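Take a look at the structure below.
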Amino acid sequence: MAADLILGKDVSEKIYANLRERISVLKSKGIIPGLAVVLVGDDPASQIYVGMKDKKCKELGINSYQCILPATTTQDELIAKIRELNSDDKVSGILVQLPLPRHIDESAVIKAIDPSKDVDCFHPFNLGKMVIGEAELLPATPAGIHQMMVQSGIKIAGKHVVIVGRSNIVGKPLANILMQKDENADATVTVVHSRTANFTDLIKQADILIVAIGRPRFITADMVKEGAVIIDVGTNRIDDPSAKNGKRLVGDVDFDSVKDKVSAITPVPGGVGPMTICMLMNNTVIAAEMRVKE
Ligand code: NAP
């Protein structure tokens, strides 16, 4: 039986429709959500990400403020810029595009963001609220993965979810979101990583297998349980002489072999990818709504 394809584009369209309504409610109250994106230096990949966020803001009617600073910016200058944005009422959300140049301590910069404007949800205050189930803002990629499953009707409660990868931006927060006492979560979560013993035995037990390791086509059909749900977070550019630019984007899962064994799967590209920016926009609207309630 062919697996269902879970497509981030379809799920994100539903979320964008809801966001458009909420943005118009805010506008009727004289509030326009605003996202400030701070970019230090001229890394081409970061410039592309910043451009995509700007375009999406404009499509939705969110004000987009781009703060492009030279690579020579000092940590103190960057933190001063963030403080200025913290006290700017037009700015609902602040995002510092990572990675930062090596002379700047990312952790110190993230901690300088007002937690109520921390739309990436990297601030320890917001991560702590997430852990105790009191989050207003959630990290974008994990929240996007959760929403993908909820909106696609995948039952999470009571299921054994195995997450491969324990990064601070995907694996760890996702484990917390899925284990919350909530009818849309309530999973039993196992997190595995490069030091896990019995790695394959554990992932073979997964009802829902979520892979975020950055290793092209690492998970093969023999490693997954029949009928499992597979969420592939990996984005790996591999050589492909038949492609126009000689490169191809693939996930951490060997899609072609795995798809015939499982009940549902996210492709790469087109799976998780579109959800991250969608949840960033969602966080920006939440941050603006939080200001109305203050
Ligand atoms: P990361 O910070 O490099 O973390 C990778 C994790 O995978 C680590 O926990 C590492 O284990 C584990 N790992 C690596 N090789 C392994 C192996 N052979 N066996 C078991 N575990 C292994 O990566 P990340 O930032 O979470 O990103 C992971 C992937 O997701 C990347 O391809 C990234 O591009 C993609 N991603 C996509 C989106 C999106 O929007 N679609 C967003 C974020 C990330 P240790 O901790 O033991 O080293």
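Quick note: the coordinates plus some simple rules give every number you see, no bench work behind them. Predicted model only: the values in this text are computed from it and were never measured. Positions of Cβ are backbone-derived with ideal geometry, glycine not excepted, and every protein chain shown enters the neighbour counts.
DSSP bridge analysis restricted to the chain gives an antiparallel fraction near 10%, rounded to the nearest 5. Taking a ≥ b ≥ c as the square roots of the eigenvalues of the Cα gyration tensor of region 138-294, is the shape rounded (a/c under 1.5), prolate (a/b larger than b/c) or oblate? Since a/c reaches 1.5 but b/c is at least a/b, the shape of region 138-294 is classed as oblate. Under 20 Å of direct C-alpha separation, and excluding same-chain neighbours fewer than eight residues apart, LYS155 reaches these aspartates and glutamates: ASP4, ASP10, ASP182, GLU183, ASP186, ASP207, GLU226, ASP232. Legend: P(r) of region 78-208 from all alpha carbon pair distances, 10 Å bins from 0, whole percents, reading 12, 37, 29, 17, 5, 0. In the elastic network of the chain, a GNM with C-alpha springs shorter than 10 Å, the most mobile of ASP114, ASP240, ASP222 is ASP240. Kirkwood analysis of the Cα pair distances in region 182-238 returns a hydrodynamic radius of 12.5 Å. Highest GNM mean-square fluctuation, the chain, Cα pairs closer than 10 Å: which of PRO44, PRO142, PRO269? Maximum fluctuation in the GNM of the chain, among the listed residues, is at PRO44.
Across the alpha-carbon set of region 1-78, the Rg to Rh ratio works out to 1.13, Rh being the Kirkwood radius.
Scaled against 2.2 N^0.38 Å for its residue count N, the alpha carbon radius of gyration of region 1-141 is 1.15.
The amide H of VAL191, built 1.01 Å from its N in the peptide plane, has ILE163 as neighbours under 5 Å, considering only residues 5 or more places off or on other chains. The label-point distance for PHE125 and THR190, in a model that sets each label 7 Å from Cα toward Cβ, rounds to 3.8 nm. Past 26 Å, Cα to Cα: identify those pairs from LYS14/LYS111; LYS159/LYS259; LYS27/LYS58, in the order given. Among LYS14/LYS111; LYS159/LYS259; LYS27/LYS58, the Cα-Cα distance tops 26 Å for LYS14/LYS111.
Remind me, relative contact order of region 30-114 in percent, using alpha carbon pairs under 8 angstrom and six or more residues apart?
42
The three principal axes of the Cα atoms in the chain give end-to-end lengths of 53, 43, 36 Å, sorted in falling order.
When the chain is treated as a GNM with alpha-carbon contacts under 10 Å, the residue of GLU226, GLU13, GLU183 showing the greatest mean-square fluctuation is GLU183. Considering only beta bridges that DSSP places wholly inside region 25-136, some 0 percent are antiparallel.
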